[in-house]
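Asks: Please see the structure below; I have some questions.
The values are calculated or read from the model by the stated rules, or taken from the named source; none is laboratory data. Please read these numbers as outputs of a predicted model, since none were measured by experiment. In this analysis, Cβ positions are derived from the backbone assuming ideal geometry, glycine residues included, and neighbour counts consider all displayed protein chains. Areas reflect the complete protein model, heavy atoms only, side chains present, ligands, DNA and RNA absent. Shrake-Rupley method; radii C 1.70, N 1.55, O 1.52, S 1.80 Å.
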2 protein chains.
Amino acid sequence: MSRRRGRDRAREAAASPQRKVDYRNLKNPFPPMNAFTEDRIEALHEASMTVLEELGIKVLLPEARRLFRAGGARVDETSEMVFIGRDMVEAALSTAPKAIQLRAGARHRDLELKLGNLAFQPGAGAPHATDLVRGRRPGSLRDFQEMVKITQSYDVLHMVPPLVEAQDIPMHLRHYAMTETELLLSDKMPFLYSRGTPQVMDGFEMIREFRGLSEEEFQAESHCYTIINTNSPRVIDMPMAQGLIDFARAGQMSVVTPFTLMGAMAPITVAGAMALSHAEALSAITLTQLAKPGAPVCYGTFTSNVDMKSGAPAFGTPEHFSASLVAGQLARRVGLPWRCAGGSAANVNDAQAANETQFGLWGCLMAGASVIIHSAGWLEGGLTVSYEKIITDLEVLQMVGELCAGTPATDADIALDALREVQPSGHFFGATHTMERFQDQFYEPVVADWSNFGTWTERGSVDANHRATGVWQRVVDNFQPPQHDPDRVDALKSFIARRTEQGGAAPES
Amino acid sequence: MSRRRGRDRAREAAASPQRKVDYRNLKNPFPPMNAFTEDRIEALHEASMTVLEELGIKVLLPEARRLFRAGGARVDETSEMVFIGRDMVEAALSTAPKAIQLRAGARHRDLELKLGNLAFQPGAGAPHATDLVRGRRPGSLRDFQEMVKITQSYDVLHMVPPLVEAQDIPMHLRHYAMTETELLLSDKMPFLYSRGTPQVMDGFEMIREFRGLSEEEFQAESHCYTIINTNSPRVIDMPMAQGLIDFARAGQMSVVTPFTLMGAMAPITVAGAMALSHAEALSAITLTQLAKPGAPVCYGTFTSNVDMKSGAPAFGTPEHFSASLVAGQLARRVGLPWRCAGGSAANVNDAQAANETQFGLWGCLMAGASVIIHSAGWLEGGLTVSYEKIITDLEVLQMVGELCAGTPATDADIALDALREVQPSGHFFGATHTMERFQDQFYEPVVADWSNFGTWTERGSVDANHRATGVWQRVVDNFQPPQHDPDRVDALKSFIARRTEQGGAAPES
């Protein structure tokens, strides 16, 4: 075969993607990086213990204070302050599971959260949505639905977060619409907001019924999860404490995430902010274990810095990166699966946005995070999720997924035969070794365009952001939802209709 | 002091940058990552030995073949093939220095290249330049001059590469103009092209005279460097062989860089491409040591993949990342300082460009590269260097520089006092701990804009790419060249005038 023909054949056959790499169950292949020496991690942990024991945490929910008191904490009911002994923390860490089974809508979507495993979520909780067609606007149910479709369509996005707020749905009904969307349009792990017990119980019931589980089966494993943000510094508010208790008692996973911006709601140093974050996380984890020993709870942090000129939060900074590393060291010390987060403060999906999100991502990866939140699409420090940025960021996540799969190094890969076959100044396009592998050897990009400048110009000089528009539009237009039992779909809709008629469930605070 | 006043004072004082972090002598803080097990690295090294011993390297320069023969290689003069025994390679590796002192124009610009140290170069060797004001065009001397000014202005760019070709200067005179630019506008380590002995000798003389060195002083340390690309597969061409010999004999550093694109001029597998790259690198390194034992030579690779649909090269891919890791393992095996490279195939400074360049960068960082080339500005797989992309990429390099500096973890940093001072739901803006540190605690960005969407919109919705235009324009407009002895400047100009009158020096091939 001539070189030219070999090359042509390779091009032709490569026209349809052949490569199949499993992005569903990732192991983190990156060596963990330490920011502090072990003795300074111990000193930091000790400082967190001092915060819990001497300074205390303000816990607004009486039921939570009652649990803390029953568990041995000193509680001042007047000030609502709870002082938690290190023995209580140690006891909680001894019962909190080191691995958490997450049961999704299909078995191949199940996840195991533990140290060493790796899962990704796109950006979560944004009040606004943006795309290049419709512009920036308050998030709507349609935006949430479309973003769930995109999330469902890429294996490398492992869990469904509350991507954007469906602001067109009133608060007392929004949880129905969001949970219905998650259940009908995705078979990945769904999220529930902790906005008070009534909404949480609605969510549990919808998921349990839709999955066809008995109460016992539901409680045996996590079928949904919530995110718990402490109110830093040192406050656990009403709905957060309720969420911790309700999820723990139902055997569902809480992801504990102090949001500690250095210089604002946390000390200006990485070490100080992490001392606070660690103390708050351990207080929340302790509460889950007091509510139900063995309840699934994920350690977590979201620690970055602010611009001291303006007070504006920043993400994907060196300080954010270092804080992630420290969090990883602390998570390994307590032995729990943990969440970390990327993100960007950019206002548009440009080079800054890409660089900040990826820089933050590498901090999380080298910190050994079990699940990385806001890893795609998050702009404006979380005020907006961009459709296009979900696409350009998940390209990076897929490339990380490729690295998780490893690189083969058999004798056949070392390719001495090919090196013998191709003469000096020759090329390998038509080599036997190449022909046997060209269809699926390389990662094929979602949105990257590798064409040369002339071709790219002829095609209209479209940048990655605008190419991403085409990508998400095709995904949304061609979306096929997972198959569901029609009776369960009907039952879900009936439940929502009934609860809506009954007045829904307002958020609590 | 009230919280409000504390915050205001912090804002005011932070308005002028105070933070001083030394980006000049970086140590790589990232734990090295292995792609292959040690035994597979040995198998790969053995395969490279087989390539050198049995398949051979085609060496076009008779003088180089003579050196190889004198060193014990089997040489076939008809085919110009050189077969290099492993004993010769081992001998070369035993004399090649493990640490290379690079003498720049000022002592604080000196570098030591060795395993564990880290240096960056912006993109090199592009035929085109681009910026948002003047568009994409063939590179000119003015472009080269302006890019050298930018390179000089940021400590995190450690060496001056041939950023763009000065295509408006004829080839027989271009090296005068480029070397004059490097010497007059920068005091960082200058680069010389290896385009034949006459040009190289001109370059040596210009640098030696301008630095005021005797021949002996010049040869004692590297005062300049060259990049040697083998012609993969398995060819060392005339000017490259000449460069290896000339630089070695003069005690100046060669950076050996097989450019092995998987599926094109190298096998389609990472392992196969690296077997070829390693063999070629070792052949070139061997030649330097045959020319002068102990000559400074930097191991290197530039291995990425092509798009098998189009044959177009790709950069910042998972395969590129993995190849960098393997190169790092091989470099550690041979113990030499080594160069690695980032890059992007994007045609414009967009999210793809940022993501590819940063992804490739992390491959180099986790591979433990001593010097990372094309780490800022490189577009179109090296056909263009973008002024704006130099700026947006060097933001990432500076953030890496911050990580190299480490994160303090003293008791004062852990900040128990601040945690005591600020009550639950309070904030740390006005805390004593914050006030003592706010002026220089955080990295201050070059081009990132952390303002909120409203402010950013009021300021014209300028993306990072367009903000970068303002940054490089200010750098170029306000540039102050290093101080030079006027007599040496005159001598340099006289030398160039004389050599120009004599007809210059055409490149050899």
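Asks: In this structure, is residue B:396 in a loop (DSSP other than H, G, I, E, B) and in contact (Cβ under 8 Å) with a residue 24 or more places away in the chain?
Replies: Criteria not met by residue B:396.
Asks: Going by what's in this entry, would residue B:75 be described as under 23 Å from residue B:245 (Cβ atoms), open to solvent by 20 Å² or more (accessible area, probe 1.4 Å) and aliphatic (A, V, I, L, M)?
Replies: Criteria met by residue B:75.
Asks: Sticking with this one: Just to check your reading of the model, which residue among A:424, A:481, A:507 is surrounded by 15 or more Cβ atoms within 10 Å (Cβ to Cβ) and more than 7 Å from every other protein chain (Cβ to nearest Cβ)? Even if it seems obvious, please write down each step before you answer.
Replies: Numbers: A:424 fails: more than 7 Å from every other protein chain (Cβ to nearest Cβ); A:481 fails: surrounded by 15 or more Cβ atoms within 10 Å (Cβ to Cβ).
Answer to the check: A:507.
Asks: Residue B:240: in contact with a strand residue (DSSP E or B) (Cβ under 9 Å, 6 or more places away or on another chain), open to solvent by 10 Å² or more (accessible area, probe 1.4 Å) and either modelled with pLDDT under 95 or not charged (D, E, K, R) (or both), yes or no?
Replies: So residue B:240 fits the description; yes.
Asks: Out of the range B:312-321, which residues are within 7 Å of chain A (Cβ to nearest Cβ) and open to solvent by 10 Å² or more (accessible area, probe 1.4 Å)?
Replies: Matches in the range B:312-321: B:312, B:319.
Asks: Right, something else. Which numbered condition trips up residue A:260, out of (1) out of contact with any Asp or Glu (no Cβ under 9 Å at 6 or more places or on another chain); (2) under 14 Å from residue A:236 (Cα atoms)?
Replies: In the conditions (1) out of contact with any Asp or Glu (no Cβ under 9 Å at 6 or more places or on another chain); (2) under 14 Å from residue A:236 (Cα atoms), residue A:260 misses (1) alone.
Asks: A further question follows. Looking only at the range A:28-72, filter to residues that are polar (S, T, N, Q) and touching a residue at least 60 places away in the same chain (Cβ under 8 Å); which one of those is surrounded by the most Cβ atoms within 10 Å (Cβ to Cβ)?
Replies: Taking the candidates together, the pick is A:48.
Asks: Applying the selection to the range A:191-209, what residues are outside any strand (DSSP E or B), touching a Phe, Trp or Tyr at 6+ places or on another chain (Cβ under 9 Å) and not aliphatic (A, V, I, L, M)? Full working, then the answer.
Replies: Going through the range A:191-209, the residues outside any strand (DSSP E or B) turn out to be A:192-209.
With touching a Phe, Trp or Tyr at 6+ places or on another chain (Cβ under 9 Å) added as a condition, the list becomes A:192, A:194, A:199-200, A:202-209.
Residues satisfying the conditions are A:194, A:199, A:202, A:203, A:204, A:205, A:208, A:209.
Asks: Which of the residues that make up the range A:156-185 are in a helix (DSSP H, G or I) and of a type in the set (S, T, N, Q)? It would help to see each step written out before you state the result.
Replies: Narrowing the range A:156-185 to residues in a helix (DSSP H, G or I): A:171-185.
Hits for the range A:156-185 are A:179, A:181.
Asks: Does any residue of the range B:465-488 turn out to be over 26 Å from the mean Cα position of the chain (by Cα) and among the hydrophobic types (A, V, I, L, M, F, W, C)?
Replies: no
Asks: Among the residues that make up the range A:279-287, is at least one of them farther than 30 Å from residue A:314 by Cβ and not hydroxyl-bearing (Ser, Thr, Tyr)?
Replies: Residues of the range A:279-287 farther than 30 Å from residue A:314 by Cβ: A:286-287.
Cutting the leftovers down to not hydroxyl-bearing (Ser, Thr, Tyr) gives us A:287.
Within the range A:279-287, one or more residues are farther than 30 Å from residue A:314 by Cβ and not hydroxyl-bearing (Ser, Thr, Tyr).
Asks: Would you check which residues across the range B:78-109 are open to solvent by less than 20 Å² (accessible area, probe 1.4 Å) and within 19 Å of residue B:251 (Cβ to Cβ) and list them?
Replies: B:92, B:93, B:96, B:100, B:102, B:104
Asks: While we're looking at this one, here's another question. Looking at the range B:434-471 only, could you name the residues that are facing chain A (nearest Cβ under 7 Å), in contact (Cβ under 8 Å) with a residue 12 or more places away in the chain and among the small types (Gly, Ala, Ser)?
Replies: B:448, B:464
For (1) within 10 Å of chain A (Cβ to nearest Cβ); (2) crowded, with 24+ Cβ neighbours inside 10 Å; (3) under 30 Å from residue B:436 (Cα atoms); (4) more than 14 Å from the chain's Cα centre (by Cα), each residue gets a yes or a no:
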position	(1), (2), (3), (4)
B:360	no, yes, no, no
B:365	yes, yes, no, no
B:375	no, yes, no, no
B:378	no, yes, no, no
B:382	no, no, no, no
B:388	yes, yes, no, yes
B:398	yes, no, yes, yes
B:407	yes, no, yes, yes
B:410	yes, no, yes, yes
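Asks: For the subset of the range B:337-351 comprising residues that are under 23 Å from residue B:369 (Cβ atoms) and touching a Ser or Thr at 6+ places or on another chain (Cβ under 7 Å), which member is surrounded by the fewest Cβ atoms within 10 Å (Cβ to Cβ)?
Replies: The extreme case among them is B:339.
Asks: Can you name the residue in the range B:243-294 that is more than 14 Å from chain A (Cβ to nearest Cβ) and among the hydroxyl-bearing types (Ser, Thr, Tyr) and, of all such residues, is surrounded by the fewest Cβ atoms within 10 Å (Cβ to Cβ)?
Replies: B:257
Asks: Another question about this same structure. For the range B:135-153, how many residues meet the condition of being surrounded by fewer than 20 Cβ atoms within 10 Å (Cβ to Cβ), in contact with a helix residue (DSSP H, G or I) (Cβ under 9 Å, 6 or more places away or on another chain) and of a type outside the set (Gly, Ala, Ser)?
Replies: Total meeting the criteria: 3.
Asks: Pick out the one residue from A:297, A:326, A:235 that is facing chain B (nearest Cβ under 7 Å), open to solvent by less than 10 Å² (accessible area, probe 1.4 Å) and at pLDDT 95 or above.
Replies: A:235
Asks: Output yes when any residue across the range A:307-326 is in contact with a Pro (Cβ under 6 Å, 6 or more places away or on another chain), at negative phi and not polar (S, T, N, Q), and no when none is.
Replies: no
Asks: Another question, if that's okay. From the list A:221, A:217, which one is surrounded by fewer than 24 Cβ atoms within 10 Å (Cβ to Cβ), without any contact (Cβ under 8 Å) to a residue 24 or more places away in the chain and not aliphatic (A, V, I, L, M)? Steps first, please.
Replies: Values: A:221 fails: without any contact (Cβ under 8 Å) to a residue 24 or more places away in the chain.
The match here is A:217.
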